[in-house]
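The values are calculated or read from the model by the stated rules, or taken from the named source; none is laboratory data. What you see is a predicted model, and the numbers here were worked out from it, not measured in a lab. Heads up, the Cβs are rebuilt from the backbone with ideal geometry, glycines too, and the neighbour counts pull from every protein chain shown.
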Amino acid sequence: MTDKSGSGSQQGVCPQCGEAAAMSAQNPWRPFCSKRCKLVDLEGWFAERHVIPGPDDELPPGSDTGSMH
């Protein structure tokens, strides 16, 4: 594994690629190892590949919560 974070302090694992990532204030991309991994993750949120589920009562009226058509 390569440390792209530039810091040898507390280490973690980048949630995007699995490389080592510094979990210190010196790593501007933490918890990611690089700007690229941070942007790839952000793009996943914009493309709605990542979502935070909420209670069913937050769905708009008339939404289909049952089987797929």
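Scan region 1-22 for residues that are within 19 Å of VAL40 (Cβ to Cβ), modelled with pLDDT of 90 or more and assigned to a strand (DSSP E or B) and the total you get is 5.
From the set of residues in region 23-45 that are assigned to a loop (DSSP other than H, G, I, E, B) and in contact (Cβ under 8 Å) with a residue 24 or more places away in the chain, which is surrounded by the most Cβ atoms within 10 Å (Cβ to Cβ)? By that ranking, first place goes to CYS33.
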